[in-house]
Amino acid sequence: MSERKFSVWKGTPEGGKLHDYSIEVDKGMVVLDVVHEIQKLHDSNLAARWNCKAGKCGSCSVEINGKPKLGCMTRLNEYGEDETITIRPIKTFPIIKDLVTDVSWNYEQNKKIAPFKPRERDADGNHRFMQRDVDRVQEFRKCIECYLCQNVCHVLRDHEKKNKFVGPRFMLRLASLEMHPLDTENRIEDIKKEYGSGMCNITRCCTDVCPEHIQITDNAIIPLKERVVDEYYDPFMKLYNKIFKKSKLRIYIIKSYLVTLR
Amino acid sequence: MLDVKEIQTIEHDVLVVGAGGAGIRAAIECAKQGMNTGMISKSLLGKAHTVMAEGGMAAALGNVDSRDNWKIHFRDTMRGGKFLNQWRMAELHAKEAPDRVRELEDMGAVFDRTEDGLINQRNFGGHRYPRLAHVGDRTGLEMIRTLQDFCIHQGIAIHMECIALDVLKNNGKVSGLVAYWRETGRFVIFKAKAIIFATGGAGRAWSVTSNSWEYTGDGLAMAYRAGAELMDLEFTQFHPTGMIWPPSVKGILVTEGVRGEGGILLNNKNERFMFNYIPEKFASETADTIEEADRWLDGDKEARRPPELLTRDVVAKAIMNEVKEGRGSKNGGAYLDIASRQSAEHIKKKLPSMYHQFKELAEVDITADPMEVGPTLHYFMGGIKVDHETQSTNVPGLYACGECAAGLHGANRLGGNSLSDLLVFGKLSGDYASKYCQKNRLESTSEQEIENIIRNATDILNKEEGKNPFLIHENLQKIMNNHVGIVREEKELIEGIEKIETLKVDIQEVKAHPASQYNPGWNAAIDLSNIIIASEAVAKSALIREESRGGHTRLDYPDETKNGLEYNVIIKKGTDGKMETRKEMRSTPPEHLSKIAFSSLEELEENNE
Ligand SMILES: Cc1cc2nc3c(=O)[nH]c(=O)nc-3n(C[C@H](O)[C@H](O)[C@H](O)COP(=O)(O)OP(=O)(O)OC[C@H]3O[C@@H](n4cnc5c(N)ncnc54)[C@H](O)[C@@H]3O)c2cc1C
Ligand code: SF4
Ligand code: SF4
Ligand code: FES
């Protein structure tokens, strides 16, 4: 056991500030444990969301020392022993109270997406498809809806543009539907017009923060954009195809390009 | 002054309380039957406990081993439950689970596939054949997301972060429910003809548990206060493999899928100790040499199953005993080794969450080193007593399904039988609640009753001084761990019950910060009034069952008794307000079912129809 310093943002939609706490910490503790210690011993009124404490439900998203993360999967020993750990709510969504934000916008986006429409079953009552054909879709379906990707996407951070793009989480969901071997719905037109695929300029910030390590940009968004490009114009894809397509160094180049962009 | 007329009121035909697998499936069914359906949950949609389920969902599809059929699933469920299950429920479950799995696939779920492109099935404890439809080790996420994405298009009114306080009744029938919004702390009255509880268990009563914050037994306590009966609460499942190190993650689940994929349990002498704990009843179906167990893993259909896949009660007690006799792992558990059994690639593909969980929380690479595991409170076999056919409680208009309902699992649940339970009985309860609505009209609600419920909740906020709800909760967890743990004893139980009694007084004195908006202290204080009832019910049920069976183990009565099979323990609120416990005689099992349950496997494999 040892003492550590923490700074936690508390407030309402009207405003708030950081509060300092000194907490006894034990081996293996994660940031969410600290939030619970504060609630138990210092401030029972500190609002925070959590459910599983095992990285499975995506409830406990916060910004820890400026980085969007899951509180329950972030160990204190990731930070220097004397470093103050600062915990703030995620930025893109309106504050409800303290560490809790109003993420209802995301539920509205999901509802806009045309639902799954399966093909008929085979004569013996089964659906058949191969594992290799769904490895990709299953990667997308690992999403725990923590909305950390939504939180960092600069398109959504810019309020002017927010209602023009569903954001990386729902591009991922669209990709999982479009690549689903049983699905018969066509969403290509909507992906551009309704869901705003053209707004994404492939910065990969979303991919960087995904706690499930889903390759949101490369495996979901770019292939979707490619499908759209077959039918519609997308300025970023045109540029992307021109410069990077088929290059062996593609990922490397994009990464360095991004560093300069950010 | 409180003016009830000023309070927000929402009207539905059916109100479903809970948005896990059972609740959402129930709501979908109600909407399908044309009911005006509402659904409330403590958390955001998609975050319920079901999201954590890992290993899979049991259904005799026969895709991997065609010898499987509903009768063998039924037989396994009865044997796993030590024959204390409700026979009809176990029958319905085994028969309908395959259709519910296929239906989930038609809603968009993407299960892992066999080489022929069918839904793949994995081995799990107590299941004779590979039976669990799964998606790696995140089957619960697949289930809840699929149901969630489907249900938002069914016209269901979804009220998130809305916490139920108590049921309203008129003329003995359900008339509605009072709840509060977590965000604002404001109250809301739901008027409804029927209410379906799908609120899950009460595992947070123990300090070492795999359960989430929602598991405070709200449904059990609300049903109890409304006059419904509870049943089988002495049967609490301790999952044998929870994480034990570091301390802050103690209790987090390590899926049984690890053993299903070939993982073995070792003690500090590097012995596969499970070979020493094979119960007589399962001896003929369990491998007795390492050589045979290994052949089974290689797919030899003649080989019998390894003892690591015995039912959870058996494995949990075996680990406890190894530790007690000095053969435990470094931090007081057992070693679970998959690294030496499967390639790193296979482990990462089939058990990705486990790989990450250990890497990130314990700094252990499970593809190279063994995990350390020990028992953790995992599941409530008992719960609200329901009619076997309709899922109705003894309060007209009140239904229950999923983990909060009792009956299907008897004294011990087989892994994978919960996810299938949620869909089978979620659907049935939705179906019967809808039928009930068609025959009954909306009852009126009583202002006095509403006022009382609200006053109980707001009293906590209006105190100058009082006790800390979080510390009281910790106390309760200690009491349950020490007095109502895996192994129980009369003296300990009586002491535990006395301590629970004193804790009730403390709960009367709890206080929370006066701001009611999103106030965790207040939420926790309200939860206490529920979890204390669930805890008392478990302790009292455990005291009167003087035998050991499945998830209930008594040091002073170490064996199963013949008489133990003749009754279920029922809990009810007495007219004096005190908790009443009684033994209710079981009816004789239907002949066709008892014949199946006691048949040999060969007989059931042959007449597969
Ligand atoms: C880590 C883990 C792994 C598991 N793995 C498996 C597995 O592989 N296979 C398997 O079959 N089973 C598994 N189980 C068990 C299974 O997941 C649960 O039993 C099941 O998900 C319970 O579902 P449910 O629908 O009954 O309730 P839940 O999913 O728990 O939902 C309960 C709902 O009720 C709501 N609620 C509760 N109280 C209130 C209130 N007062 N007001 C409003 N809403 C309320 C909650 O908010 C929630 O929405 C696992 C369990 C755990 C913990
Ligand atoms: S890659 Fe696209 S979706 Fe992802 S953060 Fe960048 S702009 Fe947003
Ligand atoms: S894609 Fe990743 S970051 Fe985005 S919501 Fe899903 S899990 Fe979170
Ligand atoms: S609490 Fe569930 S992901 Fe952190």
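Data for the structure
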| quantity | calculated |
| --- | --- |
| Candidates B:VAL51, B:VAL14, B:VAL4, filtered to the one that is out of contact with any Ser or Thr (no Cβ under 6 Å at 6 or more places or on another chain) and surrounded by 23 or more Cβ atoms within 10 Å (Cβ to Cβ) | B:VAL51 |
| Residue selected from the range B:461-496 under the condition modelled with pLDDT under 95 and aliphatic (A, V, I, L, M), by the criterion nearest to B:SER212 (Cα to Cα) | B:ILE486 |
| Residues satisfying the stated conditions in the range A:125-162, i.e. closer than 18 Å to A:PRO181 by Cα, part of a loop (DSSP other than H, G, I, E, B) and more than 16 Å from ligand 3 (Cβ to nearest atom) | A:GLY125, A:ASN126, A:HIS127, A:ARG128, A:PHE129, A:MET130 |
| Residue tally, condition at pLDDT below 85 and either in contact with a strand residue (DSSP E or B) (Cβ under 9 Å, 6 or more places away or on another chain) or assigned to a helix (DSSP H, G or I) (or both), over the range A:218-243 | 10 |
| Residue that is farther than 19 Å from A:LYS53 by Cα and either in a strand (DSSP E or B) or over 20 Å from the mean Cα position of the chain (by Cα) (or both), where the choices are B:GLY227, B:GLY242, B:GLY219 | B:GLY227 |
| Qualifying strands (runs of 3 or more DSSP E) (wholly inside the range A:1-120; at least 1 residues being within 16 Å of ligand 3 (Cβ to nearest atom)) | A:61-64, A:67-70 |
| Test: residue in the range B:257-270 that is surrounded by fewer than 24 Cβ atoms within 10 Å (Cβ to Cβ) and either within 13 Å of chain A (Cβ to nearest Cβ) or under 23 Å from B:ARG554 (Cα atoms) (or both) | no |
| Residues (open to solvent by 60 Å² or more (accessible area, probe 1.4 Å) and either among the small types (Gly, Ala, Ser) or within 14 Å of chain A (Cβ to nearest Cβ) (or both)) located in the range B:477-524 | B:HIS513, B:PRO514, B:GLN517 |
| Count of residues meeting criterion [more than 9 Å from chain B (Cβ to nearest Cβ) and either in contact (Cβ under 8 Å) with a residue 40 or more places away in the chain or touching a helix residue (DSSP H, G or I) at 6+ places or on another chain (Cβ under 6 Å) (or both)] in the range A:118-127 | 1 |
| Selected residue (criterion: farthest from B:ALA515 (Cα to Cα)) from residues of the range B:443-476 that are of a type in the set (Gly, Ala, Ser) and either in a helix (DSSP H, G or I) or open to solvent by less than 60 Å² (accessible area, probe 1.4 Å) (or both) | B:SER446 |
| Residue pairs meeting the criteria (Cβ under 8 Å; at least 6 apart or on separate chains; first basic (Lys, Arg), in the range B:474-489; second modelled with pLDDT of 95 or more and part of a helix (DSSP H, G or I)) | B:ARG488/B:ALA542 |
| Helices (runs of 4 or more DSSP H) within the range A:163-217 that include 3 or more residues open to solvent by 20 Å² or more (accessible area, probe 1.4 Å) and more than 12 Å from A:GLN150 (Cα to Cα) | A:188-193 |
| Residues that are within 17 Å of B:SER210 (Cβ to Cβ), open to solvent by less than 10 Å² (accessible area, probe 1.4 Å) and not in a helix (DSSP H, G or I), drawn from the range B:355-382 | B:MET371, B:VAL373, B:GLY374, B:THR376, B:LEU377, B:TYR379, B:PHE380, B:MET381 |
| Residue list for the range B:467-519, filter: touching a strand residue (DSSP E or B) at 6+ places or on another chain (Cβ under 6 Å) and under 20 Å from B:HIS552 (Cβ atoms) | B:ILE486, B:VAL487, B:ARG488 |
| Of all residues in the range B:525-547 being among the hydroxyl-bearing types (Ser, Thr, Tyr) and open to solvent by less than 10 Å² (accessible area, probe 1.4 Å), the one that is nearest to the other protein chains (Cβ to nearest Cβ) | B:SER535 |
| In the range A:135-156, residue farthest from B:HIS49 (Cα to Cα) [restricted to those that are among the aliphatic types (A, V, I, L, M) and open to solvent by less than 10 Å² (accessible area, probe 1.4 Å)] | A:VAL155 |
| Tally, over the range B:28-47, of residues that are more than 8 Å from chain A (Cβ to nearest Cβ) and within 6 Å of ligand 1 (Cβ to nearest atom) | 3 |
| Among (1) touching a Ser or Thr at 6+ places or on another chain (Cβ under 9 Å); (2) more than 11 Å from every other protein chain (Cβ to nearest Cβ); (3) among the aromatic types (Phe, Trp, Tyr) - the single one A:PHE140 does not satisfy | (2) |
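The rows are residues; the columns are (1) assigned by TED's automatic domain parsing to the domain that holds B:HIS73; (2) farther than 24 Å from B:LYS71 by Cβ; (3) part of a helix (DSSP H, G or I); (4) touching a strand residue (DSSP E or B) at 6+ places or on another chain (Cβ under 7 Å).
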residue: B:GLY564; (1), (2), (3), (4): no, yes, yes, yes
residue: B:GLU584; (1), (2), (3), (4): no, yes, no, yes
residue: B:SER587; (1), (2), (3), (4): no, no, no, no
residue: B:LEU593; (1), (2), (3), (4): no, no, yes, no
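The values are calculated or read from the model by the stated rules, or taken from the named source; none is laboratory data. This structure is a prediction, so every number in the text was calculated from the model and none was measured. Glycine gets a Cβ as well: all are built from the backbone with ideal geometry, and neighbour counts include every protein chain shown. Just so you know, the surface numbers come from the protein's heavy atoms only, side chains and all, with ligands and any DNA or RNA stripped out. Shrake-Rupley method; radii C 1.70, N 1.55, O 1.52, S 1.80 Å.
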